[in-house]
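As structure tokens, the structure follows; a few thoughts come after it.
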Amino acid sequence: MDEVIQVTQWLSSITPRKKAKLFFFTTHADAPTPTVGSNDVDTHEETQLPLATTVALHNFKNIDEFLKKKVNTFSCYNVIENEITKTDYEYLRFYSACKYLDVVPPFLDLEKISAIQNKFEMTDEERDYRLLLDSADLVLEKVCDSLKPAGVPQMWTALRKDRNLIRGVKTIEIIGFFVDPNPTGIKECLFFFIVRHLQMIKKISRVNTNRLERLIAQCDESSACEEGRTIDFIIDSLRCYPTELYPFGSCLILCVFEDRDGAMQEIEKTMEISRHLGMITHTEKNPTKETIELVKKELMKPKYQFYSSFTCWFMSHGDSNSMLLADGETMEREWFLTSFPDISTFQLKPKVFFMVSRLGANKFRLEGAKFKCQSATCDYYDIGSALIRNRMLDITDSVRDISYVQPMMDTLVAYSTIPDHLSGRANTHGSIYVDRACVLMSENISRGRSLTEILEHLSQDLHEILQETMDEDRIVYKQACHYDSFFRKTLKLPYTRHPKEDVHSAPQ
């Protein structure tokens, strides 16, 4: 059958909603193209044009042409060994999106997909199409699905009213001010246009979604949200790190065996929990400095851009500043914790480090005869249960105590800045950190937010603000805040907003 006919038949079999989503996933904003990070407004607008004309004309002709062009490009593409190209990324994104939406063209050359995956040095586990999907785009798709056709035009109206978001953008005018979202697929096209527009003018990213949240917050809940969904529910979904589908992320397990009884058990347990969490895991037994450098080099490979998160278990002896390696050398903990998060393939993605070693020699000692010979480190009780618990310690009541508590337990220490850095102030409002913290806490009363959620949002919010020193140099800088948590439970804000006390009333 003629290829043109095949492509036409394939397009005719795809619903308008799926066409809009396929276009969205295929034009993934973080794909490594020459335009990423540039200020080429014309190029960005060209990418947005098919969505804009579809919304304006209620006609999917330009999206169809875009998808035809993609298919033709891939059909003529010859996979070059070793060198990874822009088309390689686009081909993998297109294939994964088609697979996810169940619209894979029957004429798509799967051998080329395999050849490209070989260039990325992907293992069998990594050839799962779900790895190639961008988790942030999947979250945005779910946000779109949670909105009724009437909801997205409300976001559009709010966007149009903000001149800073539309100044000098021609495609905005193509759509116009009022939009009829009822024809199938138009809601999706408009929503995806808004999202890509905010990404391209650098107002949102996979982590910074405040600007999109504010547009959604201006919608009328009764007319904007699908049944069972609320504005708060939708915004909550944006305030979590996007880690949709499989795999959850990449997990690195580093374990030194020397003078560490049970090291093999540690590896087995961490590998098992990693599998249960849906992680693709790499293990290094008895790592040396050379091992650490090789692992870091491995994580810089292009294939790791497809992962949604990174987790590391580092189990060894240590002291307050360093970790002991298998070759007897030490490695500064601070160096490890600053160099690994800086790996470009995991930028804007959650990175979790479990540093399992001593930090000193002091002990919080419990005095008295009742505590003698009772310890969770003694293996005198039975171990057993199903699945992951079959190799975990069975902690009995005899080794539990709630009357003696470390002084720092149940404490959360929040800092307005990070060590050795400034904490900014406004001339008239005092501390910017205090201001933003009070605003966010006030906004989130009655929403069921936890304090740590608000502090995470505060960290994002504060780090977006450009500040200027008050001295003669007038240096512009950004401020970052952080916190250390020793919580054992979640602390949520009250569900009731208490009114201010009347200062003129007499005490009761």
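The values are calculated or read from the model by the stated rules, or taken from the named source; none is laboratory data. None of the values given here were measured: they were computed from a predicted structure. As a convention, Cβ positions derive from the backbone with ideal geometry for all residues, glycine included, and neighbour counts pool all protein chains shown. Areas reflect the complete protein model, heavy atoms only, side chains present, ligands, DNA and RNA absent. Shrake-Rupley method; radii C 1.70, N 1.55, O 1.52, S 1.80 Å.
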Send over a whole-number figure in Å² for the accessible area per residue of the chain, probe 1.4 Å. 56 Å²
Rounded to the nearest 0.05, what FRET efficiency is calculated for Asp259 and Leu466 with R0 set to 35 Å and r the Cβ-Cβ distance? 0.10
Explain nothing, just the number: dipole magnitude of segment 200-256 about its Cα centre with +1 on each Lys and Arg Cβ and -1 on each Asp and Glu Cβ, in debye rounded to the nearest 20. 500 debye
Counting Lys and Arg as +1 and Asp and Glu as -1, each charge on the Cβ, what is the dipole of the chain about the Cα centre in debye, to the nearest 20? 1140 debye
What ranking, highest mean first, results for peptides 466-475, 217-226, 238-247 when packing means the other Cβ atoms within 10 Å averaged over each residue? 238-247, 217-226, 466-475
Spin-label point model (7 Å from Cα, Cβ direction): what's the Tyr77 to Asp180 distance in nm? 3.8 nm
When the helices in the chain are scored as -39500 (n - 2.57) per DSSP H run of 4 or longer and the sum is shared across all residues, what 222 nm value do you end up with, to the nearest 500 deg cm²/dmol? -12500 deg cm²/dmol
For an R0 of 22 angstrom, estimate the FRET efficiency from the Cβ-Cβ distance between Arg275 and Tyr241 and round to the nearest 0.05. 0.60
Highest-first arrangement of 144-153, 191-200, where packing means the average Cβ count within 10 Å: 191-200, 144-153
Binning at 10 angstrom from zero up to the longest distance, how are the C-alpha pair distances of the chain distributed in percent? 3, 14, 23, 24, 19, 11, 5, 1, 0
At a 10 angstrom cut-off on C-beta neighbours, averaged per residue, how do the peptides 304-314, 120-130, 418-428 rank from highest to lowest? 304-314, 120-130, 418-428
Using +1 at the C-beta of Lys and Arg and -1 at the C-beta of Asp and Glu, which of Ser222, Tyr415, Val139 has the Cα lying farthest in the positive direction of the dipole of the chain? Ser222
Share of carbon and sulfur in the accessible heavy-atom surface of the chain [1.4 Å probe, %]: 52 percent
How large is the charge dipole for segment 136-291, taken about the Cα centre, if only the Cβ atoms of Lys, Arg (+1) and Asp, Glu (-1) carry charge, to the nearest 20 debye? 1000 debye
